[in-house]
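Below: one structure, written as structure tokens.
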Amino acid sequence: MHILYVDDDPTVARLATRVLGRHGVQVDHAPSVVLGLEKFNAGTFDAVVLDHYFVTGTGLQFLNAIGDRSRDTPVLYVTGASEAQIAIDALKAGAADYVIKTVADDFFPLLLTSIEQVCANFQLRKEKEEAERLLVRAKERAELMAKEMNHRIANSLSLVSAMIRMQMIAASSEEARTVLSETQNRISAIAGVHRSLYTADNMGVVELDAYLSSIINELAKSGPDNERIRIKTDMETISAAPDQAVALGVIVTELTTNSLKYAYPTSDGDIRISLKIREGKLQLTVEDDGVGMGSKPKPQGTGLGTKLISAMAQSLKATVEQSSVQAHSGTRICVEWEAPPA
């Protein structure tokens with residue numbers, strides 16, 4: 001062990017060199033703060049033993065001069081028995097610890113023990129900081145890989161969506177084009193989650209209001225009656241896990257598509273979509289003032305949309321309630337599930 005001993009008492013310095021040397025400690029003595037700073041800046045030491053009183057100042061000048069470098073080399077401050085405030089000031093200035101200077105025989109054994117202790121603590125702190133640095137790097141690397149994975153998945157799903165769009169153009173019947181369009185919307189809903197994840201700061205959370213709004217905007221633009229039917233949204237800022245977001249995206253896609261297709265067969269109208277949190281429960285509501293469920297034409301196809309809504313609601317452990325907005329017209333569908341713990 002190699003230490004710098006800064007003390008203007010030559011007798012104490014000689015004793016320190018002799019006693020500590022018997023325990024394998026190499027002592028480099030500096031008789032003043034100025035010379036101590038010169039040696040500190042020129043050499044490499046495992047620790048610094050720094051006395052408080054000097055003819056031309058105090059050891060606090062040394063601590064103030066080295067500043068943050070005291071984090072790289074621990075400084076053991078030497079004070080008198082009645083100088084508690086000085087010891088506190090030294091610790092605030094960057095000293096790792098202090099030892100009380102006495103004329104008794106136990107001073108140098110105590111000094112040796114204190115040197116070993118501050119060096120051991122310093123080593124533990126450096127190892128902890130290195131472990132934390134490696135952990136941060138590993139976390140950043142994992143997040144980068146996850147973002148890249150979500151980016152690739154979103155791109156792949158976009159490619160599949162583009163292929164379906166090409167197939168829609170080539171389809172010979174309106175029924176086939178409708179089925180392909182609905183499939184494309186479902187794929188876009190899932191792709192939107194992955195797109196949200198690779199652009200988000202928190203990889204484990206999807207902001208539902210932004211995510212669902214993007215889905216609804218796409219459906220509104222692609223709808224055949226987008227000028228006649230208006231979609232209005234009212235969504236609180238709510239976060240959810242990615243799997244919950246996928247389920248909600250599919251539900252919103254199916255419910256919005258149904259309203260666009262069946263709510264206003266001949267008239268103008270609004271579709272209102274809200275996302276709220278009420279008394280510990282999340283509520284997604286899609287409603288219109290259209291012809292009502294009893295008057296809507298019977299959907300043609302396999303009923304896949306209804307099955308998807310049921311499956312997604314089950315994954316959320318949600319209830320799905322359907323009611324009329326008015327006495328004889330309009331439809332409201334409310335999906336309700338437990339809010340995640342804060």
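For the reader, a short list of remarks on this structure follows.
- Within the chain, longest stretch free of exposed GluC sites (Glu not before Pro) [DSSP loop, at most 10 other beta carbons within 10 Å]: 1-226
- Surface share of carbon and sulfur [accessible, 1.4 angstrom probe, percent] for the chain: 55
- Antiparallel DSSP beta bridges within the chain, as percent of all bridges there, nearest 5: 50
- The relative contact order of the chain comes to 9 percent, based on Cα pairs under 8 Å that sit 6 or more residues apart.
- Straight-line cross-link partners of Lys92 among the lysines, defined as a Cα under 29 Å from its Cα and at least 8 positions apart when in the same chain: Lys39, Lys101, Lys126, Lys128.
- Largest GNM mean-square fluctuation among Ile100, Ile216, Ile231, using the chain with Cα springs under 10 Å: Ile100.
- Distance between the modelled labels on Glu338 and Glu148, one decimal in nanometres: 3.8 nm (7 Å Cα→Cβ projection).
- Label assignment, mean projected area of the Cα convex hull in nm² derived from the structure, set [x] 20.0; [y] 27.6; [z] 16.7: [y]
- Here the extension length gained between Glu236 and Glu321 equals 28.5 nm, from 0.36 nm per residue of separation less the Cα-Cα distance.
- In summary, the convex hull built on the alpha carbon positions of the range 1-57 has an orientation-averaged projected area of 3.5 nm².
- Basic side chains Lys and Arg get +1 at the Cβ, acidic Asp and Glu get -1 at the Cβ, and with that the dipole of the chain about its Cα centre reaches some 1220 debye.
- Exposed loop positions in the chain were taken to be trypsin sites (Lys or Arg not before Pro) whose DSSP state is not H, G, I, E or B and which have at most 14 other beta-carbon atoms within 10 angstrom. Between these positions, the longest stretch is 23-227.
- Geometric extent, Cα atoms of the range 46-157 - Rg, Dmax (angstrom): 22.3, 80
- Where labels lie 7 Å past Cα in the beta-carbon direction, separation of Met163 and Thr113 in nm: 7.5
- Full-stretch length increase - Asp209, Thr102 - with 0.36 nm per residue and alpha-carbon distance subtracted: 31.6 nm
- The overall shape of the range 75-114, judged from the alpha-carbon gyration tensor, is oblate: a/c is not under 1.5, and a/b is no greater than b/c.
- Per residue solvent-accessible surface (Å²) - the range 73-196, probe of 1.4 Å: 61
- Spatially, the range 96-113 and the range 156-210 are offset by 73 Å when compared through their Cα centroids.
- The range 249-295: projected area of the alpha-carbon convex hull, averaged over directions, in nm²: 3.8
- Fraction in percent of alpha-carbon pairs per bin - 5 Å, the range 111-210: 2, 11, 13, 12, 10, 9, 8, 6, 6, 5, 4, 4, 3, 2, 2, 1, 1, 1, 0
- In terms of overall dimensions, the range 152-201 has a Cα radius of gyration and Dmax of 12.5, 45 angstrom.
- Computed across the range 109-150, the Kirkwood radius stands at 12.6 Å (inverse of mean 1/r, all Cα pairs).
The values are calculated or read from the model by the stated rules, or taken from the named source; none is laboratory data. Computed from a predicted model, the values in this text were never measured in an experiment. Neighbour counts are summed over all protein chains in view; Cβ atoms, including those assigned to glycine, are modelled from backbone coordinates with ideal geometry. With ligands, DNA and RNA removed, areas are computed over all heavy atoms of the protein, side chains included. Shrake-Rupley method; radii C 1.70, N 1.55, O 1.52, S 1.80 Å.
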